[in-house]
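S.K.: Before I ask anything, here is the structure I am working with.
The values are calculated or read from the model by the stated rules, or taken from the named source; none is laboratory data. Please read all numbers here as calculations on a predicted model, not as lab measurements. All Cβ positions, glycine included, derive from the backbone under ideal geometry; neighbour counts span all protein chains shown.
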Amino acid sequence: MILKSYISIHDVSPQNLDGIKNIIDTLKYQFNINKICILVIPGLDWKFHQIKKLKLWQNSGIEIAAHGWKHEALTIKSFYHKIHSLIMSANCAEHLSKNSKDIIKIVRRSYSWFVRNGFKNPILYVPPGWALGKVTKEELYQFNFTHFECTTGMVHKQKYSFLPLLGFEENTLLGALLRRFFNSLNFILAHFTGTIRIAIHPNDFNLYLKKDLEKYLTKSIESVLLHELS
């Protein structure tokens, strides 16, 4: 079986565009990966020339996906959110501790930013921390986005698909060891699903799991975009 890889670059912001370009170039020229999705945080202080750079990337074939609004949770109230924050998302999962009405506002505001700034209409929405929060599949179906990524997979047309995930953003040795274990487990599971998700954060090539990231990228025989799996 040829294992397909969906490769995404997270947390694209005005402050890290040069680093994102370096990651894109690394994926293309070192690992020969030609299908890449970048996850843009729209609710930040974007300048005209930065938006222009994003649109140039989109026109060159890179998929632009929406990544929340500000990628920041101002309040952490629910018990689940506290656990999620401790284990996985820190303070970035802005959907959690919010009701469905507020989540709907975030998603719609995010979509409108891309339309207003002249991008090709985005089809993929990835909530920060992969945490959709208190929103139903029926509510997702009402959005202009057609695909939604979550911690364990993808939702498209109210249909859920399980897709194993590899992550590498760890700043401590203990966290890296735990992540390495779960990455190994998910890579095994991917041989049953046929697809692995490889999530890259801006500093991953400088952190503890740099070699692991490079190892899994070399195993990427065929890269795909998430919507191509639906």
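S.K.: Checking residue 131 against (1) farther than 20 Å from residue 10 by Cβ; (2) in contact (Cβ under 8 Å) with a residue 24 or more places away in the chain: exactly one of these is not met. Which one?
M.R.: Evaluating residue 131 over (1) farther than 20 Å from residue 10 by Cβ; (2) in contact (Cβ under 8 Å) with a residue 24 or more places away in the chain leaves (1) as the failure.
S.K.: Identify all residues within segment 123-154 that are of a type in the set (A, V, I, L, M), under 14 Å from the mean Cα position of the chain (by Cα) and more than 15 Å from residue 7 (Cα to Cα); write none if there are none.
M.R.: Within segment 123-154, 123, 131, 132 meet the criteria.
For (1) touching a His at 6+ places or on another chain (Cβ under 7 Å); (2) loosely packed, with under 13 Cβ neighbours inside 10 Å; (3) aliphatic (A, V, I, L, M), each residue gets a yes or a no:
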site: 161; (1), (2), (3): no, no, no
site: 171; (1), (2), (3): no, yes, no
site: 196; (1), (2), (3): no, no, yes
site: 210; (1), (2), (3): no, no, no
site: 218; (1), (2), (3): no, yes, no
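S.K.: Here is a further query. Mind listing whichever residues of segment 216-230 are in contact with a strand residue (DSSP E or B) (Cβ under 6 Å, 6 or more places away or on another chain), in a loop (DSSP other than H, G, I, E, B) and within 11 Å of residue 196 (Cβ to Cβ)?
M.R.: Once the filter is applied, which keeps residues that are in contact with a strand residue (DSSP E or B) (Cβ under 6 Å, 6 or more places away or on another chain), in a loop (DSSP other than H, G, I, E, B) and within 11 Å of residue 196 (Cβ to Cβ), segment 216-230 yields only 220.
S.K.: Can you list the helices (runs of 4 or more DSSP H) found entirely within segment 1-97 that contain at least 1 residues being at pLDDT below 95 and farther than 16 Å from residue 150 by Cα?
M.R.: Helices (runs of 4 or more DSSP H) meeting the threshold: 79-84.
S.K.: Same structure, new question: Out of (1) free of Cβ contacts under 8 Å to residues at least 60 places away in the same chain; (2) crowded, with 18+ Cβ neighbours inside 10 Å; (3) within 30 Å of residue 114 (Cβ to Cβ); (4) polar (S, T, N, Q), what's the single condition that is false for residue 183?
M.R.: (3)
S.K.: Residues that are surrounded by fewer than 20 Cβ atoms within 10 Å (Cβ to Cβ), farther than 24 Å from residue 55 by Cα and modelled with pLDDT under 95: does segment 111-134 have at least one?
M.R.: yes
S.K.: Of all residues in segment 135-156, count the ones that are over 16 Å from residue 229 (Cα atoms) and surrounded by 17 or more Cβ atoms within 10 Å (Cβ to Cβ).
M.R.: Residues flagged as over 16 Å from residue 229 (Cα atoms) and surrounded by 17 or more Cβ atoms within 10 Å (Cβ to Cβ) within segment 135-156 amount to 2.
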